[in-house]
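A.B. asks: Structure below; questions to follow.
The values are calculated or read from the model by the stated rules, or taken from the named source; none is laboratory data. Since we're looking at a predicted model, the values are computed, not measured. Cβ coordinates were reconstructed from backbone atoms using ideal geometry, including for glycine residues, and neighbour counts include every protein chain displayed.
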Amino acid sequence: MSTQIISVLVEDEAGSLTRMSGMFSRRGINIHSLTVSPSEKEGMSRMTIVTTGDEREIEKIEKQLNKLIEVVKVNILDKNTSVVRDLCLLKVYADKENRAEVLEIANAFKSNIVDISIRTITLEITADPLDIDRFVETMKNFGIKELFRTGVTAISRDIEKKSGG
Amino acid sequence: MSGGLKGTEIVVKCLKEENVKNIFGFPGGQLIPLYDQLFEETDIRNILVRHEQGAAHAADGYARASGEPGVCMATSGPGATNLITGLLNATMDSIPVVAFTAQVPTKAIGTDAFQEADTFGITMPITKHNFLVKSTDHLSWTIKGAFKIANTGRKGAVVIDLPNDVQQKTSKEYHHGEVKFAGYNPSIVPNPLQLKRIAQKLVEAERPLILAGGGVILANASEDLRILAEYLGAGVATTLMGKGAIPENHPLSLGMVGMHGRLGANKMINNCDVLFVIGCRFSDRTTGWGLESFAPDAVKIHCDIDSSELNKNITVDFPLVGDANLVIKDLIKFIKKYEDVKKDTNIWRKRVNQLHGMCEECETIKPNGKLTPENIIKTINDFLDDNAIVTTEVGQNQMFAAHYYVTKKPRQFISSGGLGTMGFGFPAAIGAKVAKPDSQVLDIAGDGSFLMVCQELATAMAENIPVVVAILNNSFLGMVRQWQELFWDKRYSGTKLGTIPDFVKLAESFGAYGERVEKASDIEKALKNAFDSGVVSVLDFKIESETNILPMIPPGGRIIGRIFV
């Protein structure tokens, strides 16, 4: 069982999101995260779904997605050849005593400070989801007040073909 | 006048372009505009059912008998929700049905208005696709798209939800020609390379077996299937849905496989060296539960129009996507090229022929003049002509029918396979009779199933649709009782129906013909009386309460496991 990222190009029709998520629940497949956004094609959206499954299960999901009328293209993204990003907004407790330490770690993770109050600091980080997991784990030591993650979005890299040969 | 067409005029125009001649429906407040449009329409017969579920099943039966999409309609809210069972029934058996449901006016959607239901949301997971039409401008495109989706690729039910104002407003927009969807282009042409490999495997087989499912019937591929089987010397077993894919009196026919399948068919599945499965989705009722022991030694070939069925339940050696008709036609061509390397299958063919003629389990119940399901169905076999259509309800009656009724042509055995819907057979028979008015149509029913939909006797009387219902009346919900007897210590919880109602009087109260039959010697006469009566008929065959349908693979068992005889 491994985490898989599925990128789906769908027609913008009322209900396409329900139809898509309904397929997952009906087939008993868990969705870890789901993002929907406009795509480069007019009238079409891109959904990025993160789920777990072995090769065979992912193949089943791919086929079931392809059966949906609004689905135009399904891509199973290879993590090795894709850029994967998640955005996290995190409000962490930081008082006088540990504020410096929080900021130091925030800096180390290259996160941005987006708000500060007397008792909290709000940080923003855009990174690979695994890096964000580590960031969140570390911040837990100080106490997390609120946490938001957008869910994964991903794009494949264009690998230049070797010429000659 | 602004010009253009009213929404309901667009609906009717589209229906005519789709060659729709019959609609099964039931009106209601929000559906009045469409009913009004159909009031003086002479080219489309508007059949009033007495419950919306009957409309969906009748449209389904119509589609199965005719090969054309069935059409039904219902009002908003409860009308639409009453269609649900029938729509899922059609989708699970890949039957093209287009359903129109009325909806509250677009402005009222979301206000919890009177008779408002989220039909679009409710029908999404039970149909192949569905639409909520928000503007009359989109109506013609939607209807044409709906028929395309319902009737191409792997077929299924499609719902079009029509708000009241969309029915009444006018529009100048009318879509001509084919509707195209960016994400829908079902691939039905089989891959020639894979076909070639499959053809090679088939000619190399010494013990070839074909397992034909409902896809063969839906693709009208039965005739070519027979040619392929004869050429290969392959036995042909079928699923419940595939019954009729090969004439069951053909010497290569082995009958139905699976949980209640023929012993011979199940045996041969496990003895073949190449298993060619076409238009079948390997349901658990077909395979039994030990999937690894299904045809364990065979090279498995699986062809289906729906790629998501390939390697879904059973992993196969040669998967192939394609329409059954094209697959079989192309295979015949390829196989003829390999004539010189074709293995001799004569020994196997003889075994198949032997098993065809022999039905061990059929002999276990001796004909003793008693009224038994076997006697009744065997008499029905002799009585009906070659064009007759038999429908079934669900339960013991269905399995008795599957076992003993000899289906000679495709589209003449109509049964609820995937969903197993009690109350399907009678309205489906009405739909089939509308599609084929010159054919004898008979529903092999159970007392429990028939009572669920007996109000459609009014439909059949009012619309002059003379079908015959043959109730195998055991005063029980027989199949559940059988399970309770065999696996639940004979605790007949909730299954005893008793002798309520008097089915003869029930029939007569509708003006229908009713007759009770208690002796085997009276079966044929009763059938004759029913078909001669010229009206819808109910034959109440009083059979023993605790009759079992055997053989069966116990739940959790394997196809080669213990079989009750």
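A.B. asks: Against the conditions (1) over 16 Å from the mean Cα position of the chain (by Cα); (2) within 14 Å of another protein chain (Cβ to nearest Cβ), where does A:THR138 fall short? Just the number, please.
C.D. replies: (2)
A.B. asks: Please go through segment B:262-289 and pick out each residue that is more than 18 Å from the chain's Cα centre (by Cα) and in a helix (DSSP H, G or I). Show your work before the answer.
C.D. replies: Residues of segment B:262-289 more than 18 Å from the chain's Cα centre (by Cα): B:262-277, B:287-289.
Selection gives B:LEU263, B:GLY264, B:ALA265, B:ASN266, B:LYS267, B:MET268, B:ILE269, B:ASN270, B:ASN271, B:THR287.
A.B. asks: In segment B:449-565, which strands (runs of 3 or more DSSP E) lie fully inside it and hold 3 or more residues that are under 26 Å from the mean Cα position of the chain (by Cα), aliphatic (A, V, I, L, M) and crowded, with 21+ Cβ neighbours inside 10 Å?
C.D. replies: B:468-473
A.B. asks: Does B:GLU292 satisfy being within 14 Å of another protein chain (Cβ to nearest Cβ) and charged (D, E, K, R)?
C.D. replies: Numbers: within 14 Å of another protein chain (Cβ to nearest Cβ): no; charged (D, E, K, R): yes.
So B:GLU292 does not fit the description; no.
A.B. asks: While we're here: Can you name every one of the strands (runs of 3 or more DSSP E) wholly within segment B:290-392 that holds 2 or more residues which are assigned by TED's automatic domain parsing to the domain that holds B:MET256?
C.D. replies: Details: elements: B:299-304, B:318-321, B:389-392.
Fully inside segment B:290-392 and qualifying: B:299-304, B:318-321.
A.B. asks: If only one of B:THR75, B:THR127, B:THR136 is away from chain A (no Cβ under 14 Å) and in contact with a Ser or Thr (Cβ under 7 Å, 6 or more places away or on another chain), which one is it?
C.D. replies: Result: B:THR136 is the single residue among B:THR75, B:THR127, B:THR136 that is away from chain A (no Cβ under 14 Å) and in contact with a Ser or Thr (Cβ under 7 Å, 6 or more places away or on another chain).
A.B. asks: Still on this structure, please answer the following. When only residues in segment B:127-150 that are crowded, with 19+ Cβ neighbours inside 10 Å and among the polar types (S, T, N, Q) count, which is farthest from the chain's Cα centre (by Cα)?
C.D. replies: Going through the qualifying residues, I end up with B:THR136.
A.B. asks: Now, a different point. Here are A:LYS73, A:LYS63: which of them is within 14 Å of another protein chain (Cβ to nearest Cβ) and closer than 17 Å to A:GLU11 by Cβ?
C.D. replies: When all the criteria are applied, what remains is A:LYS73.
A.B. asks: Scan A:LYS145, A:LYS140 and give me the residue that is within 17 Å of A:TYR93 (Cβ to Cβ), of a type in the set (D, E, K, R) and without any contact (Cβ under 8 Å) to a residue 40 or more places away in the chain.
C.D. replies: Going through A:LYS145, A:LYS140 in turn, just one is within 17 Å of A:TYR93 (Cβ to Cβ), of a type in the set (D, E, K, R) and without any contact (Cβ under 8 Å) to a residue 40 or more places away in the chain: A:LYS140.
A.B. asks: Could you check segment A:73-97 and list, in sequence order, the residues that are more than 13 Å from A:ALA154 (Cβ to Cβ) and either buried (at least 19 other Cβ atoms within 10 Å of the Cβ) or not assigned by TED's automatic domain parsing to the domain that holds A:LEU17 (or both)?
C.D. replies: Listed by number, the residues that qualify are A:VAL74, A:CYS88, A:LEU89, A:LEU90, A:LYS91, A:VAL92, A:TYR93, A:ALA94, A:ASP95, A:LYS96, A:GLU97.
A.B. asks: Kindly list, by first and then second residue, each pair from a residue in segment A:5-22 that is at the interface with chain B (Cβ under 10 Å from one of its Cβ atoms) to a residue that is of a type in the set (Lys, Arg) and in a helix (DSSP H, G or I), limited to pairs with Cβ atoms under 9 Å and residues at least 6 apart or on different chains.
C.D. replies: A:VAL10/A:ARG19; A:GLU13/A:ARG19
A.B. asks: Same structure, new question: Considering B:GLY242, B:GLY261, B:GLY235, B:GLY215, which residue is crowded, with 24+ Cβ neighbours inside 10 Å, touching an Asp or Glu at 6+ places or on another chain (Cβ under 8 Å) and not assigned by TED's automatic domain parsing to the domain that holds B:GLY156? I'd like the intermediate steps shown before the answer.
C.D. replies: Values: B:GLY242 fails: touching an Asp or Glu at 6+ places or on another chain (Cβ under 8 Å); B:GLY261 fails: touching an Asp or Glu at 6+ places or on another chain (Cβ under 8 Å); B:GLY235 fails: touching an Asp or Glu at 6+ places or on another chain (Cβ under 8 Å).
Only one candidate passes the filter, namely B:GLY215.
Okay, residues lined up against (1) modelled with pLDDT under 95; (2) buried (at least 16 other Cβ atoms within 10 Å of the Cβ):
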position	(1), (2)
A:MET1	yes, no
A:VAL10	no, yes
A:GLY15	yes, no
A:MET23	yes, yes
A:PRO38	yes, no
A:GLU57	yes, no
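A.B. asks: With respect to B:PRO410, determine if the residue is surrounded by fewer than 18 Cβ atoms within 10 Å (Cβ to Cβ) and closer than 19 Å to B:TYR62 by Cα.
C.D. replies: Answer is no for this residue.
A.B. asks: Could you grab me the full set of residues in segment B:305-351 that are away from chain A (no Cβ under 14 Å) and small (Gly, Ala, Ser)?
C.D. replies: Hits for segment B:305-351 are B:GLY322, B:ALA324.
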